[in-house]
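Every read-out reported here was derived from the displayed coordinates using simple, explicitly stated rules and does not represent laboratory data. A quick note: this is a predicted structure, and the numbers were derived from the prediction, not measured. Every residue, glycine among them, receives a Cβ derived from its backbone with ideal geometry; neighbour counts consider all protein chains shown.
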Amino acid sequence: MAKLTAEQITAGLAGLPGWSAEDGALVKTFTFPTFPAGVAFVDRVAVAAEEMGHHPDITISYTRITMRLSTHDEGGVTEKDLALARRIEAARG
């Protein structure tokens, strides 16, 4: 799968509020009311990522969960990352 251009990434992010392109990746930080709620979200993302065979970098900092998506084989953002971002949004609940 080919790396997307800056224009393609911008167009793809139009339907993903709160996501941004940073240093060759898609990034968003989610905030939850409690630590267990954030971890439950990570669990739902893990299931979606396994189904897709495409895994995000996840940082857990108490109630703040940061997702960073990049297709390492391609050296940047691909359609896989946009698709995973959409699945992550659906997992938020």
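Those residues that are of a type in the set (Phe, Trp, Tyr) and either assigned to a loop (DSSP other than H, G, I, E, B) or surrounded by 15 or more Cβ atoms within 10 Å (Cβ to Cβ) (or both), I need them from region 3-49; list them, please. Reasoning before the result, please.
Taking region 3-49 as the starting set, the residues that turn out to be of a type in the set (Phe, Trp, Tyr) are 19, 30, 32, 35, 41.
Hits for region 3-49 are Trp19, Phe30, Phe32, Phe41.
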State yes or no: is Arg68 in contact with a Pro (Cβ under 7 Å, 6 or more places away or on another chain) and surrounded by fewer than 19 Cβ atoms within 10 Å (Cβ to Cβ)?
yes
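Going by the conditions given, is Arg44 in contact with a helix residue (DSSP H, G or I) (Cβ under 9 Å, 6 or more places away or on another chain), basic (Lys, Arg) and free of Cβ contacts under 8 Å to residues at least 40 places away in the same chain? Before you say what the answer is, go through the steps one by one.
Working: in contact with a helix residue (DSSP H, G or I) (Cβ under 9 Å, 6 or more places away or on another chain): yes; basic (Lys, Arg): yes; free of Cβ contacts under 8 Å to residues at least 40 places away in the same chain: no.
Here the answer is no, as Arg44 does not meet what is asked.
Yes/no matrix, rows are residues, columns are (1) among the aromatic types (Phe, Trp, Tyr); (2) in contact with a strand residue (DSSP E or B) (Cβ under 8 Å, 6 or more places away or on another chain):
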position: Phe32; (1), (2): yes, yes
position: Pro36; (1), (2): no, no
position: Asp43; (1), (2): no, no
position: Ala49; (1), (2): no, no
position: Ser70; (1), (2): no, yes
position: Val77; (1), (2): no, yes
position: Arg92; (1), (2): no, yes
